[in-house]
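Please treat every number below as a calculation from the coordinates, not as lab data. Source: prediction; values computed, not measured. When we count neighbours, we look across all protein chains shown, and the Cβ atoms used for this are built from the backbone with ideal geometry, even at glycine.
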Amino acid sequence: MEQDQSKAMLYYTFAADGGDIRSEMALGYRHHIGISTPRNCEQAVHYYRKVADKAIEYLRSGPPGNHAVVKDSYRIADEEGGVYGEGASVSSAGPNAKQGGPNSDAHASFEDVIEYLDLMSRKGDLKATFSLAKLYYEGSRGMRRDFKLYFMEVARAYWPKKGKQKQDVSPGIEKLASKAAGYLGRMFLRGEGMPQDFEKAQIWFKRGTSNGDSMSQYSMGLMYLNGYGVPKDTVKAAEYFSPAADEGLASAQVRLGALFLDQGDITTAMRYFDHAARNNHIEAFYYLADLIYQGIGRDSSCVMAAVYYKIVAEKAEVAVASFKEANDAYENGDFETALIDYMLAAEQGFENAQANVAYLLDKSKPRFSLSDLLPFAQRKASLVADAGLALLYWTRSAKQSNVDSLVKMGDYYLGGIGTSLDQEKAAACYQAAAETLQSAQAMWNLGWMHENGIGIEQDFHLAKRFYDQALETNNEAYLPVKLSLLKLRARSAWNSFTRGRVNSIRDERGTFILQNLTLTTFEVQSLTCFAEERRRFSFAEWIHAFIEADLAMHENFEHDEWDSLTSEGMPGGEDFYDDFDDGIIESLVIVALAAALAMLLVYRRRRADERRQQQQVQANGVGGQQPQPTQPAAQQAQQQGGLFPNPGDPEFPGWAVGGVGH
């Protein structure tokens, strides 16, 4: 059916009133950012709070310690190096590449990691065995949880099956065994992979706590807090939570914060919640959202409360979204089902889903068509299955700080894809992405737009600045940046030579002198007037001005810089000579023009000498006298004390008019 945001809002409201959690979340998102309705923080909090309450209720309904949360949402594009490919996308370039992006050495397939750890475990490496057990226990996208007893193998290295603990073991083995004991006790406490047994859980927890394991301390506190196999004792529970919280275990910090909150110590409770929130604990955000919205412990803030409730709702994605179904459909090649499921999650405000919808729609556009080769063919406004819908989700993803989506928005506005062509909006998108200092693509695009005056003012100097920033942001942009700079310098040199109106790349040497000289007021005014009124010079005046400026520059450099030379470095710093090389092309052009001018003067002088000799020969022939050998005029002038004749010399008029006799 036709797109109608008002009707969508109406039906979402009916469904939310009936208790549908996905509709409640969609309405919370729409009120939060203002989709088909004015932005209303109170309404956003109203709906997001309902979702958060249900999410926390679901988590707490699980085994002791809450349901395990496995993150299924991810960006499809990131699996292929990002929207623009490896190295060009923010998700796979710069710092992100070093942190395990697709083009980094640290990145490897999950199967390879499992295979390597399994190999090392069979060789007796207990660290590999523990890591393998932890991966299977926690699970991840594409890997189901598996409660294999790898933890038992690690624990038995310190606590044999029958007998006391081993004495002659290294501290590293003791620490690993204590951590394994904490996980074993948790599995018995929750009944994961084995029947639930509080007595055995307590045995393993006591073994772990004897060596200071934070997981064991937290779990023992949980048993006393809720009476799992032991009498309820809040004070004793707090005694176990406290050291675990000090070790940075977020779950212990939340439980301890809740106990302080029940006792009315808001300040201490807020401190523990803040620490846990830094570790992305879902319940910490839930408590903080309630306290901030009600103005307890700190000033009331509807905006912050909405943000925290939104985080809680999105972290419980297994209970509120359709990511697992969408992922399965995509991996099976059923892209239409995947698209619909991702769109449902995208309407709820999940940024990953919004990026996935836009990416799937963007991929469906043809890569090549014959009309691209025909200059007279009319370009189609839409190049994708639904370009307008793709732009809609690129926009929503960009508003949630996805830089690649923001650059994609600029591409759509620049090409008029799914919307009317708007070069100024494209430039604004690229500018916003460049300000994050993450996207080399956006910086290069801005350089290209400044170079060609598309959407923004044509300015060669600013174009160079953005090209340089693109290379600084991502060294993989070396080739396109250098090729762009080569063309830009040629255009800037021609613009300077013809005294064009575009702001050319400023001479780095001149910039250095201006930065390091103390100018008088008159000189500053002169420079200002020169910048405001760019008077056109003749070619001779231009050469004269260049020579004078060059002499002045060398003179000032000699007096002001070389006198201050120290053993620490050359004048102007180490970067001066690197910057000086940037203007080499312009300098070569100027030197070539000066050499051509000198050659023309020499040629003109030789022609004048030849004409003077011919006139003398003709004059001697008319008088009946034999012509005498004569010296060249240059030698005669040199014998008389100079290369050029003086004003009183008979040869001066002929020299002044270019050698023509009078």
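Quick look at the numbers
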read-out	value
Förster radius 25 Å - calculated FRET efficiency between residue 127 and residue 80 (Cβ-Cβ, nearest 0.05)	0.15
Whole-Hz ³J(HN,Hα) from phi, Karplus 6.51 cos²θ - 1.76 cosθ + 1.60, for the range 213-218, glycine and proline x	6, 5, 4, 5, 4, 4
Size of charge dipole - the range 389-455 - debye, nearest 20, with Cβ of Lys, Arg +1 and Asp, Glu -1, no other charges	240
Cα shape, the range 110-227, gyration tensor, a/c 1.5 rule	oblate
Net charge, residue 247 excluded, C-beta distance under 15 Å - Lys, Arg +1, Asp, Glu -1	+1
Length-normalised contact order of the range 412-486 in % [C-alpha pairs under 8 Å, at least 6 apart]	23
Stretch gain in nm, segment residue 478-residue 267, where the contour uses 0.36 nm per residue and the Cα spacing is subtracted	70.7 nm
Rounded if a/c under 1.5, otherwise prolate or oblate - the range 210-259, Cα gyration tensor axes	oblate
Cα gyration tensor category, rounded, prolate or oblate, for the range 1-76 with a/c compared to 1.5	prolate
Using a Förster distance of 22 Å, the FRET efficiency for residue 206-residue 114 (Cβ separation, nearest 0.05)	0.10
Pair residue 498, residue 146: separation of 7 Å Cα→Cβ label points (nm)	7.0
Which of 79, 174 has the fewest Cβ neighbours within 10 Å, and the rest in rising order	79, 174
Trypsin sites (Lys or Arg not before Pro) restricted to DSSP loop in the range 27-89 with at most 16 other C-beta within 10 Å	39, 71
Residues with amide H under 5 Å from that of residue 505, placed H, sequence gap 5 or more	461
Length released on extending from residue 20 to residue 278, taking residue separation times 0.36 nm less the Cα-Cα span	89.8 nm
Full-stretch length increase - residue 5, residue 174 - with 0.36 nm per residue and alpha-carbon distance subtracted	54.8 nm
Within the range 172-277, trypsin sites (Lys or Arg not before Pro) in DSSP loop having at most 14 other beta-carbon neighbours inside 10 Å	232
Local net charge near residue 224, Cβ-Cβ under 10 Å (Lys/Arg +1, Asp/Glu -1)	0
For residue 188, net neighbour charge (Lys/Arg +1, Asp/Glu -1) across residues whose Cβ lies under 10 Å away	0
Cα-Cα over 27 Å, subset of 134/166; 50/363; 50/71; 175/324; 161/232; 123/148	50/363; 175/324; 161/232
